[in-house]
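A quick write-up on the structure given underneath.
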Amino acid sequence: MKPAPFELHVPATTTEVVDILATHQDESKVLAGGQSLVPMLALRLARPGVLVDINRIREIAGVGYGDGEVRVGALTRHAELEHDAGLASQVPLLARAAPLIGHFQIRNRGTVGGSIAHADPSAELPAVALALDATLEVAAPGGRRRVPASEFFEGTFVTAVQDTELLAAVEFPVWGDGSGFAVEEMARRHGDFALVGAMCGVRIANGSIAQAAIAMFGVGSTPVRCGTAEAQLVGSSAEGLDTSEIGRAAVADLDPPTDVHASAAYRKAVGVTLVDRALRSAIQEASRA
C-alpha cells in the first residue's frame, strides 16, 4: 500500500509549525523521524490531509547542559542519546535506555520527541521521562507551556499535547553524586517493544537511600510509577535490602493487559524479577559513586 494523498509543509521554525497546526488541527500530523508514522501512513492506518515535516527546525535539536538539568530537544535522534558522553554522565538512565530502542537504523532516524509524543506504553523513553520527573516543554499558539511527566501521559498514544501544539523539548533533572540507575526489560527479540520493563534510580546518602524512582512500562496504557515500592525504599539501609520484596511491592497494584504476546500474570511475575535486578544494579552503582 501507499499513503493516501496529503499536503506537505516544511516549516523552518516552531512558530510556523504551530501556525500550520492551528490552521489544520486534527487533519495534520507532525513528521520527525517517521519511525512510527511512516508505517501507519503506508498501511493507511493514518490518513492526515496535511503532513508537517519538522526536520529543518534546528532550534529543537540537540542536548544542552544547564545548572542541575539537561535539556534534550525533541528533534534529537536516539543515536545521539546513545553516544553522548556528557549525557551518559549527567542522565545515565536516558543513555542506557537508548540502545534498547529498536535497531541502529531506527535509532539513527527516530527522535526523542517522536517517541515521547507517540506515547506507546511499551516504549522506553516515556518511562525514562516519568521515572526522572522530567518536564515537557510544549510549543502552543499562545506561547510555550511546561508539563510535568506525571501529567503528560494520558493513555495509549494519548498525551497532553493538543492538535495545535508541538512537543519542543524535554528537561531532565540531574541527580548528582551518590546515585545509580539501571534499566531491565523483557522482549521477544532485541529491538522489539518490551513485554514488560523496569527503570530504577536510587541516591544514597550516609548509607541510606535518600531518593528512589521506579517506573515500569508495558504493564498498562501508560508507563507507571511504583509509588508504594519507592516509599519502602526511601530511608532504608542500602545494605542487606530485600530487593525482591521491593519488586513484589512494585507490581502489587498493577493490572497489566493480557494479549497475544503475554498474559497479565506473566507480566507481573517477570516484573518482580526485572525490578529486583534493576534495583540491585542501581544500588551497586550508587554505593560506588
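Since every read-out is calculated from the coordinates, none of them should be taken as a lab result. Worth saying up front: this structure is predicted, and the values here are computed from it rather than measured. Don't worry about glycine lacking a Cβ; one is built from the backbone with ideal geometry, like all the others, and counts go over all protein chains shown.
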Worksheet, complete the sentence: Taking a ≥ b ≥ c as the square roots of the eigenvalues of the Cα gyration tensor, with a/c under 1.5 meaning rounded and otherwise prolate when a/b exceeds b/c and oblate if not, the range 1-85 is oblate
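Net charge within 14 Å of ASP177 by Cβ-Cβ distance, Lys/Arg positive one each and Asp/Glu negative one each, not counting ASP177 itself?
Numbers: positive: ARG203, ARG288; negative: GLU285.
Residues near ASP177 contribute +1 overall.
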Practice prompt. Report the local net charge at GLN90: Lys and Arg +1, Asp and Glu -1, summed over other residues whose C-beta lies under 13 Å from its C-beta.
Written response: -3
Worksheet item: Which is farthest toward the positive dipole end of the chain among PRO141, VAL174, HIS103, measuring Cα position about the Cα centre, with Cβ charges +1 (Lys, Arg) and -1 (Asp, Glu)?
Response: HIS103
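Using helices alone, I'd like the mean residue ellipticity at 222 nm for the chain: each DSSP H run of four-plus residues gives -39500 (n - 2.57), total over residue count, nearest 500. If you can, show how the numbers build up before the last one.
Details: 12 runs with 101 residues, N = 289.
It comes out at -9500 deg cm²/dmol, rounded to the nearest 500.
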Response to the item:
Computed for the chain: size of charge dipole around the Cα centre, +1 on C-beta of each Lys and Arg, -1 on C-beta of each Asp and Glu, debye to nearest 20, value 660 debye
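Which of rounded, prolate or oblate describes the range 179-288 when judged by the alpha-carbon gyration tensor and an a/c cut-off of 1.5?
On the way: a/c = 2.46, a/b = 1.85, b/c = 1.33.
Prolate shape, in that a/c is at least 1.5 and a/b is the bigger ratio.
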Worksheet, complete the sentence: Gyration tensor (Cα only) of the chain to equivalent ellipsoid, semi-axes in Å sorted down, yields 34, 21, 16
Worksheet item: For the range 31-78 and the range 208-250, what is the separation of their Cα centres, given in Å?
Response: 32 Å
Fill in: Whole-Hz ³J(HN,Hα) from phi, Karplus 6.51 cos²θ - 1.76 cosθ + 1.60, for the range 36-52, glycine and proline x
9, 6, 4, x, 5, 5, 4, 8, 6, 6, 10, 9, x, x, 9, 10, 10
Worksheet item: Which net charge results when you count Lys and Arg as +1 and Asp and Glu as -1 among the other residues whose beta-carbon is under 15 Å from that of ARG203?
Response: -3
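What is the range 115-178 by shape, rounded, prolate or oblate, if you read a ≥ b ≥ c off the alpha carbon gyration tensor as root eigenvalues and call it rounded for a/c under 1.5, prolate for a/b larger than b/c, and oblate otherwise?
oblate
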Worksheet item: Expressed as a rounded percentage, what relative contact order does the chain have, with Cα pairs under 8 Å and six or more residues apart?
Response: 16 percent
